[in-house]
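A short write-up of the structure that comes next.
The values are calculated or read from the model by the stated rules, or taken from the named source; none is laboratory data. Here the structure is a predicted model, which means the values were calculated and not measured. In this analysis, Cβ positions are derived from the backbone assuming ideal geometry, glycine residues included, and neighbour counts consider all displayed protein chains. With ligands, DNA and RNA removed, areas are computed over all heavy atoms of the protein, side chains included. Shrake-Rupley method; radii C 1.70, N 1.55, O 1.52, S 1.80 Å.
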Amino acid sequence: MTVSPFDHPYLSGLLGDTETAGRFSAQAEIAAMLAFERALAEAEAGEGVIGAEAARAIVTALGSFEPDMAALAAGVARDGVVAPELVRQLRAAVGAPHGASVHFGATSQDVIDTALVLRLKPVLDRLDALLAQLASVFGELEGRCGANALMGRTRMQAAIEITTADRIRAWRAPLQRHRARLAVLRPELLVVQFGGAAGTLEKLGDKAEAVRKRLADRLGLGDAPQWHSQRDRLADFAGLLSLITGSLGKFGQDVALMAQDGSEIALSGGGGSSAMPHKQNPVAAEVLVTLARFNATQVSGMHHALVHEQERSGSAWTLEWLLLPQMAVAAVASLVQANALARQIESMGDRKGS
């Protein structure tokens, strides 16, 4: 049983993407947080903030560490965030005298935000690959059917004759712009979060920036000043997710309308009806419209989450946890469905002269 359709036992077959959903699992988050703690220990040892022996003890303990999940759940209920209990368990695993060096100078938001960014990295790769794939499929479709005649419609009324290529280009062109937006966003989004208790890294003194740079390098992320209460990068990403699903929703809506009487488009593999066996429902097209509207609704919440009080907010931060994973899965699922739908198009428009 689940409260989310994106990882539901059977609704996920329509609305989900297993690979992307896995990036937001508890196991993936814990693995990313442990990667942060290892990289932090190594970076701090490299700058002499903690001893080399302490760093080795931390790395060794992390190699076999298995968190107590029940205690983590109890800790989140108590603290509102998983990091305090996780760090407590890590320090116990490392033991004296080096346990105190675990998480030195960092705060909960550092490890959780950086762990999120680490997991978004492969999500961006998947989005880009699927956008490129869909653009290619549209190109192939244009090559097959582009010269065919199609009635252009404005405000859903017959206007003038166009070619099938004209409509396909309206589907494909936004994908190229989304890939360009993604390329611009990538270096801005994929940056380390490391600010300490109130964003000043006060425990690291004059070595703060050097440690942060080493930490970023070890994690394969960009170096950036702390952004605890500056959530515009994540809001930008959410906006792009909504743009992607919105463009695919337009594609889905067009196909659904064209498929109404079957005269403008022929699809293979439509969905069946329990009451009307003769029907071939354009399921993928409908899902694209649904996911577009879903992300358009959620993106407003991500903009609400921009309002962080002073140096850190608990409520705005928690709102991000509710919204961003589902938006990311929705966008990838939408691209998967769009690729499948585009391949189901057997023909579009009428051959000229026929």
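I want to check the label-to-label distance for Arg177 and Gln230. Put each point 7 Å from Cα in the C-beta direction and report it in nm to one decimal.
Label-label distance for Arg177 and Gln230, simple model: 2.8 nm.
May I ask you to order 127-140, 185-198 by the average number of other C-beta atoms within 10 Å around their residues, highest value first?
185-198, 127-140
Probe radius 1.4 Å, ligands and nucleic acids ignored: give me the carbon and sulfur share of the accessible area of region 284-354 as a rounded percent.
54 percent
Any idea of the accessible area per residue across the chain, 1.4 Å probe, to the nearest Å²?
Solvent-accessible surface per residue comes out at 46 Å².
Can you check what the net charge comes to around Ser268, using other residues whose Cβ is under 13 Å from the Cβ of Ser268 (Lys, Arg +1; Asp, Glu -1)?
0
Under the rule a/c < 1.5 gives rounded, and otherwise a/b versus b/c splits prolate from oblate, where does the chain land using the Cα gyration tensor?
Because a/c hits 1.5 or more and a/b exceeds b/c, the chain counts as prolate.
Mind checking which of Trp171, Trp227, Trp321 has the largest fluctuation in a GNM of the chain, springs on alpha carbons under 10 Å?
Its mean-square fluctuation being the largest, the pick is Trp321.
Take the chain, connect every pair of alpha-carbon atoms lying under 10 Å apart with a spring to form a Gaussian network, then pick out the residue of Gly205, Gly222, Gly252 with the largest mean-square fluctuation.
Checking each option, the largest mean-square fluctuation is seen for Gly205.
Just tell me which aspartates and glutamates come within less than 19 Å, Cα to Cα, of Lys213; anything on the same chain fewer than 8 places away is out.
Glu37, Glu42, Glu44, Glu47, Asp110, Asp113, Glu188, Glu202, Asp223
So, with +1 on the Cβ of K and R and -1 on the Cβ of D and E, and no other charges, what is the size of the charge dipole of region 182-303 about its Cα centre, to the nearest 20 debye?
Computed charge dipole of region 182-303: roughly 420 debye.
Sequence gap at least 6, Cα distance under 8 Å: using those rules, report the relative contact order of region 125-175 to the nearest whole percent.
Relative CO of region 125-175 lands at 37 percent.
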